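Here's the structure, in structure tokens; my notes come after.
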Amino acid sequence: MERLRYIVRLSVAAVIACLSLVSCNKDRRHRGEDYDKVMIMYSAGFNSLSSYLREDIEDLKKGYLPSRNSKNALVLISKLPENNDYWTKTSPYVIRMTREKVHGKYVARMDTLTSLDAGAVLADAANTRRLLEYVRDNFPSRSYGMVLSSHATGWLPVDYFANAGKYDGTGSAWLRRGNRESGGNGLHPYVERYHDPSLPAVKSVTQEVEVIGGRKYSHEMEIEEFVDAIPMHLDYLLFDACLMGGIEVAYACKDVADIVAFSQTEVLADGYDYTNIGHHLLERSVPDPSSVCSDFFEQYDKREGTNRSATVSMVDCSKVEDIAKVCSTLFGKYREKIRALKSSAVQGYFYDPDLHWHFDLYDIVAKAGATADELATLQAALDASILYKAATPSFFNLKLDVTSGYSMYLPSAGSPYLDDFYRTLGWNKATGLVSE
């Protein structure tokens, strides 16, 4: 068993600096930048994570915050409930976080810059774009980066994670009883998946709860919808959210971000180390997302029992197309064998057997019978893209024997509904994993 796969490429900061120079040549709205670096904290917490996301913001205040006259800016986009009350409508807002000296002491300052109407949904592509455009237009910069913290389910379609049985025509033991009909207008009945209370709490993209007529409904965005809503190029996009560490997500992000970091498994609700994140991404001359990833991993690797559970990888998006070219050839040759694989024989990234939608990319191809030379070619493409990766020996009760840095859909563990949706993804169009 491979106890720990842990890769840190030397001179990651230099790599990111080079990527930043490349991204500066891309078409951007602003040529005369006012800010050197802008970090966007996208905190979508109108859901069961609200208390954890509030703690994240408090931790941000304890770390590095730029002054108001700094060439760096930390901007918070968020929507949170009041007192964990979903019935009271609140607004998505944009806040600038700074540090100022008051009576000889430095204190955090939070200035609300703009907001949407009360009840406006942040987990909506149009609203997300409106707020990000505000940031772009009011904080022109040569360097933008984003940290996203919320619930997430990787590449899965909206509502599927909580209501798979509705789409596949089967029941599911872990769903609580609830109304299954569609709420209309992009809404779906909100069903909270059962989580074993003896295990630590864990964290489509950006779920949001809305109450209509006394009943809870859920808003979500799919990954490609979210990416399409980002109006500026990002030097880095860090997902502090569950199950985002898939090749499908990396491929979707490749044209909007230079660097993407994510977890193949779920993420314990404490998430990133927000006390130090401002130092790594803003205070340093060049943003250092690899240190954000290593801080995240190391805080969990030091723990014991089920709290020692974490996976993370950071990838160079410019190399993802090369992986697609290799996989296109391999999927063409081994498609039927992949389709026939028993899911129990492949490394999964789910501790709950009902959540069987994320498997290790490399292990899928290996178990399908690829030759040593073919696997070496695949490994080389994966290694070229991965700037950092790490995994604890297990996630809860799930042993992590193989961790390539990317998860992927395994069609033999899916369904016709998922196959149909998967065909719409950019990754599948490039590789043909699920054929027409």
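The values are calculated or read from the model by the stated rules, or taken from the named source; none is laboratory data. Since the structure is predicted, the reported quantities are computational estimates derived from the model, not experimental observations. We place every Cβ from the backbone using ideal geometry, glycine too, and count neighbours over all the protein chains shown. Surface accessibility is based on the protein's heavy atoms, side chains included, excluding ligands, DNA and RNA. Shrake-Rupley method; radii C 1.70, N 1.55, O 1.52, S 1.80 Å.
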Item to check | Test: residue in the stretch 363-384 that is open to solvent by less than 50 Å² (accessible area, probe 1.4 Å), modelled with pLDDT of 95 or more and in a strand (DSSP E or B) | outcome: no
Checklist entry - How do the pairs read when you match residues in the stretch 404-418 that are under 16 Å from Ala368 (Cα atoms) with residues anywhere that are modelled with pLDDT under 95 and open to solvent by 10 Å² or more (accessible area, probe 1.4 Å), using Cβ under 6 Å and keeping only pairs 6 or more apart or on different chains? => result Ala413/His356
Next on the checklist: Looking at the stretch 385-402 only, could you name the residues that are out of contact with any Leu (no Cβ under 7 Å at 6 or more places or on another chain) and open to solvent by 10 Å² or more (accessible area, probe 1.4 Å)?
Outcome noted: Asn397, Leu398, Lys399, Asp401, Val402
Checklist entry - Within the bounds of the stretch 62-76, is there any residue that is basic (Lys, Arg) and either part of a strand (DSSP E or B) or open to solvent by less than 60 Å² (accessible area, probe 1.4 Å) (or both)? => result no
Checklist outcome for this item: Among the residues of the stretch 80-100, the number that are within 30 Å of Arg142 (Cβ to Cβ), open to solvent by 10 Å² or more (accessible area, probe 1.4 Å) and not aliphatic (A, V, I, L, M) is 4
Checklist entry - Among the residues of the stretch 218-229 satisfying the criterion of being open to solvent by 10 Å² or more (accessible area, probe 1.4 Å) and more than 14 Å from the chain's Cα centre (by Cα), which is nearest to Thr424 (Cα to Cα)? => result Asp228
Checklist entry - For Asp228, are the conditions met, namely being of a type in the set (D, E, K, R) and under 16 Å from Tyr42 (Cβ atoms)? => result yes
Item to check | When residues of the stretch 207-254 are limited to those that are small (Gly, Ala, Ser) and in a loop (DSSP other than H, G, I, E, B), the one farthest from Glu266 (Cα to Cα) | outcome: Gly213
Item to check | Candidate set: the stretch 113-143, residues that are open to solvent by 10 Å² or more (accessible area, probe 1.4 Å) and in contact with a Leu (Cβ under 8 Å, 6 or more places away or on another chain); chosen: the one nearest to Gly414 (Cα to Cα) | outcome: Asn127
Item to check | Met221 within 27 Å of Ser67 (Cβ to Cβ) and not polar (S, T, N, Q) | outcome: no
Checklist entry - If you check Leu341 against the conditions, is it more than 21 Å from Glu224 (Cβ to Cβ), more than 19 Å from the chain's Cα centre (by Cα) and surrounded by 20 or more Cβ atoms within 10 Å (Cβ to Cβ)? => result yes
Checklist entry - Just wondering, is there one or more residues in the stretch 314-322 that are in contact with a Ser or Thr (Cβ under 9 Å, 6 or more places away or on another chain), crowded, with 20+ Cβ neighbours inside 10 Å and farther than 27 Å from Ala413 by Cα? => result yes
